[in-house]
Amino acid sequence: MRCSFLRRLPRHAFGFGLVAGSICLAAACSSSTNDSAAVPDTSAGTDAGTGAPDAPTSSTQDSSTSSPDGASSQDAATDADQPLTVATEVEPNGGTPATAVGTMVLPGTMNGTIDPANDADLFTIQLAPGEFWDWTATPKTADLAPHVIIFDTDPAGKNPNEAGFAAAGATAKVQHFVLSTGTFVVGVRDARNVPTATGKGGPTYGYALTGKRATPAPIAITFPATKMGKLASVGSVDLYTFTGTNGQGFDVSVRGASASSTIDSRLSIFDIPAKNVIGTNDDDGSTPDTRDTKLGSASPAPSTYMVIVENEGTDATDLSYEIQFSLR
Ligand SMILES: [Ca+2]
Ligand SMILES: [Ca+2]
Ligand SMILES: [Ca+2]
């Protein structure tokens, strides 16, 4: 149970404070020490679904506006019709001192430059539970290898770090299903400066960082089921949904190691109508590494749930996995 809401942060996603000691938001730094032990955690989902037979539920997913209070109703907005607030970064914004952080209005685009060498650009953002966001960081030239991270500055928060990166000249992508209320920051660096500064950066290291609302399109599950999946990129997520298990206990498990992939999975279950995260697991303890994950409940409560599968590793070679939805 203890590790359900803690974070096993991938090296590249460690708090900015680990980067050459020069960029540090106080809370973000402390979150980097929030490493959970490899304790089997099969009970973190303490009150997941029951009741009615499974049914597709994506229509109930909150797709609200980006209002910070999370108040929402159905929002038909798509990526195409979202007006974006376009802005240009103002330095200093690297978190040193901790107050030196910019602000980004969402949905929007921030134009910035990783300059001088080892620059980091941090922007506070407003996110609410149940929202689903698509992030891209597109280099202005082939010099920049973009790295994007979204993190909750509260080390006790329930939002794990979300990160994505790409090769020089390519667009980095992050998909983020927001699990819990938090104080969020999005950061851009050069991926080669993460986790250790290597001197990358300069006036040609420009980028356009864009955050847009997305509409979740989860795969509807009826227990029991086994699916094969493959994340589109290191920063992508896959979504599944189910409504109840007729009161039976259940488990959801993600296997990367047994699928011979390079994914390091993280699994979360979110109560859609309650806008409440039931649990997050980043290591089921079944292997020496942290690649396989599992969450479940012996006495699930009736609701409709979103299952979020993510990668917390840095190896993009093969992001395939097997996910099992089993009844106890
Ligand atoms: Ca900058
Ligand atoms: Ca900066
Ligand atoms: Ca993991």
Residue pairs qualifying under the 6 Å Cβ cut-off, at least six apart or on distinct chains, with the first in segment 133-155 being within 17 Å of Gly108 (Cα to Cα) and the second being modelled with pLDDT under 95, are Ile149/Ala13
Would you confirm whether any residue within segment 236-244 is of a type in the set (S, T, N, Q) and farther than 21 Å from Phe177 by Cβ?
-> no
Any residue in segment 272-286 that is surrounded by 24 or more Cβ atoms within 10 Å (Cβ to Cβ) and of a type in the set (Lys, Arg)?
-> no
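Listed here are the residues, each with its yes/no results for (1) outside any strand (DSSP E or B); (2) buried (at least 19 other Cβ atoms within 10 Å of the Cβ).
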residue: Leu179; (1), (2): yes, yes
residue: Gly187; (1), (2): no, yes
residue: Ala197; (1), (2): yes, yes
residue: Pro203; (1), (2): yes, no
residue: Ala208; (1), (2): no, no
residue: Ala217; (1), (2): yes, no
residue: Lys227; (1), (2): no, no
residue: Gly235; (1), (2): yes, yes
residue: Asp238; (1), (2): no, yes
Could you run through segment 111-149 and say how many residues are in a loop (DSSP other than H, G, I, E, B) and more than 16 Å from ligand 1 (Cβ to nearest atom)?
-> 7
Inspect segment 114-129 for any residue being farther than 24 Å from Phe184 by Cβ, modelled with pLDDT of 95 or more and surrounded by 15 or more Cβ atoms within 10 Å (Cβ to Cβ) and give the result as yes or no.
-> yes
Name the residue, out of Thr287, Thr314, that is without any contact (Cβ under 8 Å) to a residue 60 or more places away in the chain and of a type in the set (Ser, Thr, Tyr).
-> Thr287
Within segment 189-202, can one find any residue that is in contact (Cβ under 8 Å) with a residue 12 or more places away in the chain and more than 28 Å from Lys140 (Cβ to Cβ)?
-> no
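The values are calculated or read from the model by the stated rules, or taken from the named source; none is laboratory data. Just so you know, these numbers come straight off a predicted model, no measurement behind them. We place every Cβ from the backbone using ideal geometry, glycine too, and count neighbours over all the protein chains shown.
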